[in-house]
Structures are given as structure tokens and as C-alpha cells.
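The values are calculated or read from the model by the stated rules, or taken from the named source; none is laboratory data. Since we're looking at a predicted model, the values are computed, not measured. Cβ placement follows ideal geometry from the backbone for every residue including glycine, while neighbour counts extend to all protein chains displayed.
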């Protein structure tokens, strides 16, 4: 093969490669445009469905005349956002089950002290959504017995706020962990707004739900703040000065064993300084250990971890 033939063959291959690359790019661009459009259409459909569902919930909630109707309307509206749902009202420092969906034995759920349910207390104190494991150490023994304890599954708690206070807590879980928290938070916002609208029409007092003057009554709020600061500082020091122990403990799923001296010392101080006061108290140290040290996975603390102090 002479030089001219070789050059012609090389040019032919180059042209063919360029054509293939151009065709591939055109097809890829067309395919990408189709995928993007499909995603946009899917998102638009989902947005319309959520909007329609929330509009129906607003109309239903505004039409209710009693606390019982309001509670049932909320849990019914969680359909599509979670497999199961329940609404707990706050009464005199206790959790009162007002309505439930797909959880049997509603009449068997007694009132549970808020202080006995760390995840619920955390949601009330933070006024924010909390995700926790379905264990009695997070839910309280009474709620875990009623809802079903399952350390492999999580649940969501969404506070319903009205007049800057937590009026109720919306519980939700799903078998595949696929709880649509954003939709539930929007629903909770709507539910709280209905309380406030009703309160405005009745001289600042809601005819639907009695809102507690304080999220955790009969407690010195300054003591609560001190307990929270103590818990945050203790856990922050563990992360700062015992970072290697934290890494080892997380990897081995036994943070308590890896940080036993530090955790036991913090627990003893918390018990002495904050649990000796009269009334109820939330184990903020336990909540901080789970939330910050164990990344919201209580199992990372290990099987030897003693559990909440209260």
C-alpha cells in the first residue's frame, strides 16, 4: 500500500469516526431532552397531586366543628404520605392519642408522660421534625407497646404549631421507610393555621384544641436550657477531644463501649444536676448522644448502652 492509499484510508476512518461521534451526540442530546421533559412532567404531576390533596385537606379542616373531627381529618389526610399515622395532643405534660390510621387498638393507648418519650419531648422542645427509631427508649414503653416496637424501622414526628406553641404531634411511619416528610410538614402547617384562624374568630381562644401555656409544664425553663447546654457541650467535647474513639465506635456500632468513661461521667453529672429537681425532666443528654454522636441512629450506641436516664 503506497503513501497516497494510506493517507486516503486514514482520512476515510477519520471522517467515519467524526460522523459516528456526531450522530451519537445528536442522539444523546435528543435522549437527554426527552428524559428532562419526562422528569419535568413527572414533577409537575406530583406537584399538582400534592396541591390538590392539600387543598382538599384545607377545606376539610376548615369545616370541622370539634377536636375529634379535626384530629381525624389530619390523620386521614396523611394517606399517600405514610403507611400509618397518629395524632397526639399535649395535655398537662402528657401525650393523649386523639386519632390514628392503620394502627389498631386506639382505645388501648393510655396517656403517656411527655418526659417518658424522648423523641416526642425533643420534637416539642425543638418545634421541629424529629426522626427516630421505633424503640421504647425513643417512643416510651407505652407508645412502643401500642404502635409496635421495631428497632430496624424509623418514625417521623411533626409538631403542629399554633400561637407559637406545640398544639399536637403528628406521628407517621412506613414499612419501607418512605415517609413523605415534606408533605406531612405542609399538612401540619395547614392544621396549625386552622387552629389560629378559629382562635382569631373566638377571641384568641381556639374552639378546637386547648394549647398548653408551656410545652413542658411544671418545670423551671431555665433548668431546661441549662440541661440542653450541658448535653450539647458534653457531646461536643467528646467529638473534639475523643474524635478517634468516635470514629472507632461508629464503625463498630458500639459508641458507648468506645466512650464509656466519658458517657458514664456525663450521665452521672446529668442525673445529679438535672434529675434531682422536682417535676419531670427530659433526658437531653440521651437525645444529644443519639442525634449528634450517633447520627440519629440509636443502634450505633451499641447493645451495652444503658438507655435514657428517664
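So that you can scan it fast, the table gives a plain yes or no per residue for (1) on the phi < 0 side of the Ramachandran plot; (2) in contact with a helix residue (DSSP H, G or I) (Cβ under 8 Å, 6 or more places away or on another chain); (3) surrounded by 15 or more Cβ atoms within 10 Å (Cβ to Cβ):
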{"position": "78", "(1), (2), (3)": "yes, yes, yes"}
{"position": "83", "(1), (2), (3)": "yes, no, yes"}
{"position": "87", "(1), (2), (3)": "yes, yes, yes"}
{"position": "92", "(1), (2), (3)": "no, no, no"}
{"position": "100", "(1), (2), (3)": "yes, yes, yes"}
{"position": "103", "(1), (2), (3)": "yes, yes, yes"}
{"position": "111", "(1), (2), (3)": "yes, no, yes"}
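Only residues that are part of a helix (DSSP H, G or I) and under 18 Å from residue 149 (Cα atoms) were counted across region 62-106, and they come to 1. Out of the residues in region 113-128 that are in contact with a strand residue (DSSP E or B) (Cβ under 6 Å, 6 or more places away or on another chain) and surrounded by fewer than 17 Cβ atoms within 10 Å (Cβ to Cβ), state the one that is modelled with the lowest pLDDT. The selected residue is 127.
Here is the figure for region 259-306: residues that are touching a helix residue (DSSP H, G or I) at 6+ places or on another chain (Cβ under 8 Å), modelled with pLDDT of 90 or more and part of a loop (DSSP other than H, G, I, E, B) total 6.
Scan region 145-160 for residues that are over 15 Å from the mean Cα position of the chain (by Cα) and surrounded by fewer than 19 Cβ atoms within 10 Å (Cβ to Cβ) and report the count. Final tally of qualifying residues: 6. Could you tell me whether region 191-200 includes any residue that is part of a helix (DSSP H, G or I), at pLDDT below 75 and buried (at least 18 other Cβ atoms within 10 Å of the Cβ)? Yes, region 191-200 contains at least one residue that is part of a helix (DSSP H, G or I), at pLDDT below 75 and buried (at least 18 other Cβ atoms within 10 Å of the Cβ). With respect to (1) farther than 27 Å from residue 232 by Cα; (2) crowded, with 20+ Cβ neighbours inside 10 Å; (3) at pLDDT 85 or above, the lone exception for residue 61 is condition (3).
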